[in-house]
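What follows is a single structure, written as structure tokens, with notes after it.
Bear in mind that the values in this text are calculations on the coordinates, not laboratory data. Computed from a prediction, not measured in an experiment: that's the story for all the values here. Methodologically, a virtual Cβ is constructed for each residue, glycine included, from the backbone with ideal geometry; neighbour enumeration extends over all protein chains shown.
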Amino acid sequence: MRKRLTITNMKKMKQERNAISVLTAYDYPSAKLAEEAGIDVILVGDSLGNVVLGYDTTIPVTVDDIVYHTRAVARGAQNTFIVADMPFMSYGIGREATMRNAARIMQEGGAQALKLEGGEEIASDVEALVKAGIPVMGHIGLTPQSVHQLGGYKVQGKLDKEAEKLIQDAKALEQAGAFSIVIELVTESLATMISDVLSIPVIGIGAGRGCDGQVLVYHDILQYSSPYFEKKFVKTYADIGTTIRNAIHTYVDEVKNGNFPAEEHVFSAQTASIPALYGSTVADADSKETKQETVQPKKGVRLT
């Protein structure tokens, strides 16, 4: 039985150059498998909108969705640090509403921390949440909730002006009290610079090798989708999508051709129990006539 990491542990891991492994999970079995595999942190990302709920973006994901999936993950990974995303328009809409939504995810979902997208513009919300006792992970670079404003899914920080803004955002989030920052789809040199500048862990996704840890999506590393689209920053560790599809195809074939169920998959009743439940047919050997002899069912047994 391992102990759940704390934000203090994670800061120490950065200092000791002990890379932090982060993986998304959205339900009980994926969380349980991730914990058994030794993952450091589980993120219940709003990416569940894309990979679980079938949306084109993360924008339709609601607080109810996050609470539901976080609760399932918390049951499966009881000894792993769990971070849950605050979804689109659940924060930055007034302090009272932000705090109420955050409280729901923490109390009903069972997360240990929340993740918010944005930089300087949400620093005051981050500060308020931290002061209320809620650990906050920031998220800068490509922020999927702002995909329409960013003009699509593209690498951030290529221009000097963009890079300067991301550095300012990272510093603002640390100053506001964030315990860690996810930096997504930025140049490796910029991500490394930000990691070196900050005292808190920087977790990269598509941000190169200079970060203090890495996060990927469960369905990406396992190719658990159809169709699967290759991503430059993702490494595939297993192709379970093809395995699942082939297995189901074989099942369909066996049902159609009568090979399933086979002898080993059926149950045999004792001879005496069948007449007691359903009545027995007695053959009149002399007259060759067959008549039905009805047997009264045992008490409590209802015949259909």
Loop sites in the stretch 70-132: trypsin sites (Lys or Arg not before Pro), DSSP, at most 13 other Cβ within 10 Å
none
Percentage relative contact order, the stretch 7-245, counting C-alpha pairs under 8 Å, at least six apart:
17 percent
For 249, 69, 219, 265, which order do you get if you count the other beta carbons within 10 Å of each Cβ and list the fewest first?
265, 249, 219, 69
Test of understanding: what is the full-extension gain from residue 256 to residue 9, defined as 0.36 nm times their sequence separation minus their Cα-Cα distance?
83.4 nm
Highest mean first, how do 26-33, 197-204 rank when packing is the count of other Cβ atoms within 10 Å averaged over residues?
197-204, 26-33
Inverse of <1/r> over all distinct C-alpha pairs of the stretch 1-152, i.e. the Kirkwood Rh in Å, gives 15.7 Å
Can you list residues from other chains, or at least 5 along the same chain, whose modelled amide H is less than 5 Å from the amide H of residue 225?
241
Considering only the other residues whose Cβ falls under 15 Å of the Cβ of residue 1, what net charge follows from Lys and Arg at +1 and Asp and Glu at -1?
+2
What is the spread of the Cα atoms of the stretch 1-45 along each of their three principal axes, largest first, in whole Å?
32, 25, 14
So what's the projected area for the stretch 167-230, the Cα convex hull averaged over all directions, in nm²?
4.8 nm²
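If you count the DSSP beta bridges with both ends in the chain, what percent of them are antiparallel, to the nearest 5?
15 percent
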Can you give me the orientation-averaged projected area of the convex hull built on the Cα atoms of the stretch 45-104, in nm²?
4.2 nm²
One-quarter of the Cα convex hull surface for the stretch 198-240, in nm²?
3.3 nm²
Take the Cα radius of gyration of the chain and divide it by 2.2 N^0.38 Å, with N its residue count; two decimals is plenty.
1.43
Select from the stretch 143-251 those GluC sites (Glu not before Pro) which occupy a DSSP coil region and have at most 15 other Cβ atoms within 10 Å, ordered by residue number.
230
